[in-house]
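For reference, the structure is listed below as structure tokens.
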Amino acid sequence: MKVNNPKVGLVMKSLQADFFKDMQRGAEEYVDAEKCCQLISAGTDTQTEIERQIEIVDSLVAEGVDALVVVPIDSKALVAPVARAVRAGVKVVNIDIKLDDSLLAAEGVKVDFVGPDNYQASLAVGNALAVTLAPGTPVAMIEGLSVADNARQRKAGFDKAIADRGLQCVASAPADWEIDKAREVFTGIIGDHPGIKAVFSCNDAMALGVIDVLRQSGRKPGEIKVVGFDNDAVMRPLLDEGWLAGTVDAFGSQMAVQGIRHALNLLEEDTASLGDRPTPFSLIS
């Protein structure tokens, strides 16, 4: 049965991150223009506040939302609150970072995923960097938060690009999507491996942390090549200056819009699932 003026909750990760600021802005502009629903957008302060995000989901369900569009920090930990929402009659759409399929099945719920193929996207930008390097070249990787499916998929895509080119990955460590942690992690890596020629970073925020360390150490643009993921606005001058060799635009603002549309269609058709929907990505280099 169609719900008049439905209430939709958009649950994101850190609203301090450019990617999620853009996602929130795009969603709010869409809803303001279309007058399609009441949108409640919420997020955490950091990229790692799993318990806080669970609280947000539960509170929105208690508040009586008709639908939820969720970007989970942790692909496993968010399954239980999402399942509670589904059992409470809330239509849920999972965007950007995929929830764990096996745990969803164990909960007996189906949640549609609307988002990019993170493996193929990271493989594309990884290949763009890898082909500029000679086989055997030492490189490093800065990983995302290990409990997130997109972090695992992006690492796998970069691993494939590195292996296919025959590069030597001398260090790979997580920095949990955060600039400050990436600075700390990469300071250790470059200290232990000063001869690396490239860094595969699983998001732009961490790539920015890497570039900050390179600048402070007196390196020149392009001396150590860096790729990221997200096409954050702050990174665009760094592309022009040669500090960043490439990134991926996953169109975060439009991904949220697609998630909201999908949720409204679920409400319109009164169904638990319409199937997963892939969203586009573009290589920026």
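The values are calculated or read from the model by the stated rules, or taken from the named source; none is laboratory data. As the structure is a computational prediction, the values presented were derived from the model and not from experiment. Don't worry about glycine lacking a Cβ; one is built from the backbone with ideal geometry, like all the others, and counts go over all protein chains shown. The protein model used for the area step is the full one, side chains on, heavy atoms only, and it has no ligands, DNA or RNA in it. Shrake-Rupley method; radii C 1.70, N 1.55, O 1.52, S 1.80 Å.
With (1) over 15 Å from residue 227 (Cα atoms); (2) in contact with a Pro (Cβ under 8 Å, 6 or more places away or on another chain) as the list, and residue 174 as the residue in question, which single condition is left unmet?
Here residue 174 meets the rest and fails (2).
Go through the residues of the stretch 105-114 one by one and say whether even a single one is surrounded by 20 or more Cβ atoms within 10 Å (Cβ to Cβ) and in a helix (DSSP H, G or I).
Looking through the stretch 105-114, none of the residues is surrounded by 20 or more Cβ atoms within 10 Å (Cβ to Cβ) and in a helix (DSSP H, G or I).
Exactly one condition in (1) open to solvent by 60 Å² or more (accessible area, probe 1.4 Å); (2) over 30 Å from residue 44 (Cβ atoms) is not met by residue 133; state its number.
Exception for residue 133: condition (1).
Just a yes or no: is a residue in the stretch 162-172 without any contact (Cβ under 8 Å) to a residue 12 or more places away in the chain and part of a helix (DSSP H, G or I)?
Yes, the stretch 162-172 contains at least one residue that is without any contact (Cβ under 8 Å) to a residue 12 or more places away in the chain and part of a helix (DSSP H, G or I).
Can you go through 163, 106, 130, 121 and tell me which one is of a type in the set (A, V, I, L, M, F, W, C) and within 30 Å of residue 15 (Cα to Cα)?
Testing whether each residue is of a type in the set (A, V, I, L, M, F, W, C) and within 30 Å of residue 15 (Cα to Cα) leaves just 121.
Of the conditions (1) more than 20 Å from residue 154 (Cβ to Cβ); (2) among the small types (Gly, Ala, Ser); (3) at pLDDT below 95, residue 252 satisfies every one except a single condition; which number is it?
Among (1) more than 20 Å from residue 154 (Cβ to Cβ); (2) among the small types (Gly, Ala, Ser); (3) at pLDDT below 95, residue 252 violates only (1).
Which of the strands (runs of 3 or more DSSP E) contained wholly in the stretch 178-285 include at least 2 residues that are surrounded by 21 or more Cβ atoms within 10 Å (Cβ to Cβ) and not small (Gly, Ala, Ser)?
Per the criteria, 198-201, 225-227, 247-249.
Mind checking which residues of the stretch 227-251 are in contact with a Gly (Cβ under 6 Å, 6 or more places away or on another chain), in contact (Cβ under 8 Å) with a residue 24 or more places away in the chain and not hydrophobic (A, V, I, L, M, F, W, C)?
Across the stretch 227-251, the qualifying residue is only 247.
Output the qualifying pairs, or none if there are none: Cβ atoms under 7 angstrom, residues six or more apart or on different chains, first residue in the stretch 32-54 and closer than 19 Å to residue 79 by Cβ, second residue open to solvent by 60 Å² or more (accessible area, probe 1.4 Å) and basic (Lys, Arg).
Matching pairs, first to second residue: 44/52.
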